[in-house]
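Take a look at the structure set out below.
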Amino acid sequence: MAVKGAIVVDIEKCKGCSVCIANCPTNTIALSNEVNGKGFNFAIMANPDNCTGCTNCATVCPDAVITVYRVKI
Amino acid sequence: MDIKDIIKPENKVYGKTPLLTDAVMHYCPGCTHGVVHKIIAEVIEEMGIQDKTIGISPVGCAVLAYNYIDIDWEQSAHGRAPALATATKRLNPEKYVFTYQGDGDLASIGCGEVMHACNRGENIVIIFINNAIYGMTGGQMAPTTLLGQVTATTPYGRRADLNGYPMKITEIVAQLEGTCYVTRQSAQNPAAVRKAKKAIRKAFENSMMNKGTSFVEIVSTCNSGWKLTPVKANKWMEENMFPFYQLGDIKDR
Ligand SMILES: Cc1ncc(C[n+]2csc(CCOP(=O)(O)OP(=O)(O)O)c2C)c(N)n1
Ligand code: SF4
Ligand code: SF4
């Protein structure tokens, strides 16, 4: 069964470490061009259509700022 | 399908555990400390032992751990967490008691404390964050620093003739009669995080079974101290730390 996912990043708490990007199997995430209040480029869904909601990114995020959603389609 | 139709409470599959406070962690971007805090918090939540757990924070980057995991805490003098944990567990045997210590704290100034707590077989959990360096004070050599590794105090790399050899503390405590579970884990990818979490859960469960001390090393990064990006630090750890600090259970009884 096909699934579709999406992530929500708490952008003010993201530190732009990119560990989520390195661990996303579907190349969904990238760093933003803008910076947050702390001056970090934050994680965004650059390719939202790719996300499968596998939770890999949120599992490795050291700051626990990613929430993952998934639906069956 | 529109993103708005996916991002709904009923579709949530993973998010921050409420056992982590809303405080922004002071750790550097990508630091392993954050990941390990998260999995400890998740284990405590899943076991339903928030009111029964006492953590002992160290001196080192994790000194402020009490700001991030919403349980009872004590904060120890440098390297003395196992002594506080000993007293705390003996006086409160119904509590889950764990220490959280870096390799400077545990393997250097606190080496004697940890050996004797493990040798006495205190019914506590020891979480050992081995990032091969003193992170908080600016990246000096630790007992665990690899041969050849450049640190603030070994600018040309650690030399055995000058600085001695890196210590495998985890193998040493495995030899002590008092330990029941000794394991070395990591947290750089999802599979490793899940394994480390299982190990921490098992260690917590052991602490209520009068089996002795459970010791969980997490091979970690200090990307600021190592002067690498977080992603490159994880790679450096896999290539350089793992051959020497081999992952897996060393003792389980
Ligand atoms: C008695 C005492 N000696 C030395 C120090 C200085 N000091 C603070 S943290 C630290 C080492 C911390 O390294 P580690 O335990 O590896 O933790 P990390 O910061 O890497 O997480 C030292 C030597 C101190 N605070 N107290
Ligand atoms: S792992 Fe977390 S803190 Fe790091 S860039 Fe991704 S969302 Fe931000
Ligand atoms: S949930 Fe999985 S697929 Fe989606 S962004 Fe995170 S790592 Fe990538």
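Per-residue answers, yes or no, for (1) under 17 Å from the mean Cα position of the chain (by Cα); (2) surrounded by 16 or more Cβ atoms within 10 Å (Cβ to Cβ):
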site	(1), (2)
B:Ala62	yes, yes
B:Ser76	yes, yes
B:Thr88	no, yes
B:Pro93	no, no
B:Thr99	yes, yes
B:Ala107	yes, yes
B:Gly112	no, no
B:His116	no, no
Restricting the search to the range B:77-110, which residues are assigned to a strand (DSSP E or B) and more than 8 Å from ligand 1 (Cβ to nearest atom)? B:Tyr96, B:Val97, B:Phe98, B:Thr99, B:Tyr100
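Having 2 or more residues that are at the interface with another protein chain (Cβ under 8 Å from one of its Cβ atoms) is the bar; report the strands (runs of 3 or more DSSP E) wholly within chain A that clear it.
On the way: elements: A:3-9, A:29-35, A:41-45, A:66-72.
So the answer is A:3-9, A:66-72.
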Out of (1) of a type in the set (Lys, Arg); (2) out of contact with any Lys or Arg (no Cβ under 7 Å at 6 or more places or on another chain); (3) at pLDDT 95 or above, the one B:Lys4 does not meet is (3)
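For the range A:8-30: of the residues being of a type in the set (Val, Ile, Thr) and out of contact with any strand residue (DSSP E or B) (no Cβ under 6 Å at 6 or more places or on another chain), which is nearest to ligand 2 (Cβ to nearest atom)? Full working, then the answer.
If we filter the range A:8-30 for residues that are of a type in the set (Val, Ile, Thr), which is where we start, we get A:8-9, A:11, A:19, A:21, A:26, A:28-29.
Pick out the ones that are also out of contact with any strand residue (DSSP E or B) (no Cβ under 6 Å at 6 or more places or on another chain) and you get A:19, A:26.
Details: A:Val19: 4, A:Thr26: 15 Å.
Ranking the candidates gives A:Val19 first.
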Just to be sure before I move on: is B:Gly55 assigned to a strand (DSSP E or B), at pLDDT 95 or above and within 15 Å of the chain's Cα centre (by Cα) in the structure I sent? yes
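For the range B:149-253, which helices (runs of 4 or more DSSP H) that fit wholly inside it have 1 or more residues that are within 14 Å of chain A (Cβ to nearest Cβ)?
Details: elements: B:160-163, B:169-174, B:190-206, B:223-226, B:230-236.
The helices (runs of 4 or more DSSP H) meeting that bar are B:190-206, B:223-226, B:230-236.
Give the residue, chosen from A:Ala64, A:Ala46, A:Ala30, that is more than 12 Å from B:Val13 (Cα to Cα), crowded, with 19+ Cβ neighbours inside 10 Å and more than 7 Å from ligand 3 (Cβ to nearest atom).
Working: A:Ala46 fails: crowded, with 19+ Cβ neighbours inside 10 Å; A:Ala30 fails: crowded, with 19+ Cβ neighbours inside 10 Å.
So the residue among A:Ala64, A:Ala46, A:Ala30 that is more than 12 Å from B:Val13 (Cα to Cα), crowded, with 19+ Cβ neighbours inside 10 Å and more than 7 Å from ligand 3 (Cβ to nearest atom) is A:Ala64.
Would you say B:Ile127 is of a type in the set (A, V, I, L, M), within 15 Å of the chain's Cα centre (by Cα) and within 18 Å of B:Arg159 (Cβ to Cβ)?
The answer is no for B:Ile127.
From the list B:Thr21, B:Thr53, B:Thr88, which residue is within 14 Å of chain A (Cβ to nearest Cβ) and touching an Asp or Glu at 6+ places or on another chain (Cβ under 8 Å)?
Working: B:Thr53 fails: within 14 Å of chain A (Cβ to nearest Cβ); B:Thr88 fails: within 14 Å of chain A (Cβ to nearest Cβ).
Of B:Thr21, B:Thr53, B:Thr88, the one residue that is within 14 Å of chain A (Cβ to nearest Cβ) and touching an Asp or Glu at 6+ places or on another chain (Cβ under 8 Å) is B:Thr21.
Looking at B:Ala132, B:Ala142, can you tell me which residue is near ligand 1 (Cβ under 8 Å from one of its atoms), aliphatic (A, V, I, L, M) and more than 14 Å from every other protein chain (Cβ to nearest Cβ)?
On the way: B:Ala132 fails: near ligand 1 (Cβ under 8 Å from one of its atoms).
That would be B:Ala142, the only listed residue that is near ligand 1 (Cβ under 8 Å from one of its atoms), aliphatic (A, V, I, L, M) and more than 14 Å from every other protein chain (Cβ to nearest Cβ).
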Within the set of pairs 6 or more residues apart or between chains, which connect a residue that is on the phi > 0 side of the Ramachandran plot inside the range B:131-146 to a residue that is more than 16 Å from ligand 2 (Cβ to nearest atom) and aromatic (Phe, Trp, Tyr) with Cβ atoms less than 9 Å apart? B:Ala132/B:Trp226; B:Ala132/B:Tyr245; B:Gly139/B:Trp226
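Taking the residues in the range B:24-50 that are of a type in the set (Asp, Glu) and surrounded by 15 or more Cβ atoms within 10 Å (Cβ to Cβ) as candidates, determine which candidate is farthest from the other protein chains (Cβ to nearest Cβ). Walk me through how you get there before you give the answer.
Quick first cut of the range B:24-50, residues of a type in the set (Asp, Glu) only: B:42, B:45-46.
So of that shortlist, the ones also surrounded by 15 or more Cβ atoms within 10 Å (Cβ to Cβ) come out as B:42, B:45.
On the way: B:Glu42: 9, B:Glu45: 12 Å.
Restricting to residues being of a type in the set (Asp, Glu) and surrounded by 15 or more Cβ atoms within 10 Å (Cβ to Cβ), the top hit is B:Glu45.
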Please go through (1) within 21 Å of A:Cys57 (Cα to Cα); (2) at pLDDT below 95; (3) not polar (S, T, N, Q) for B:Leu20 and return the number of the only condition it doesn't satisfy. (2)
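Criterion first (away from ligand 1 (no atom under 16 Å from the Cβ), out of contact with any Pro (no Cβ under 9 Å at 6 or more places or on another chain) and modelled with pLDDT under 95) does A:Met45 satisfy it? Step through it out loud before you land on a result.
On the way: away from ligand 1 (no atom under 16 Å from the Cβ): yes; out of contact with any Pro (no Cβ under 9 Å at 6 or more places or on another chain): yes; modelled with pLDDT under 95: no.
When the stated conditions are applied, A:Met45 does not pass them.
The values are calculated or read from the model by the stated rules, or taken from the named source; none is laboratory data. The structure displayed is predicted, hence computed values, not measured ones. As a convention, Cβ positions derive from the backbone with ideal geometry for all residues, glycine included, and neighbour counts pool all protein chains shown.
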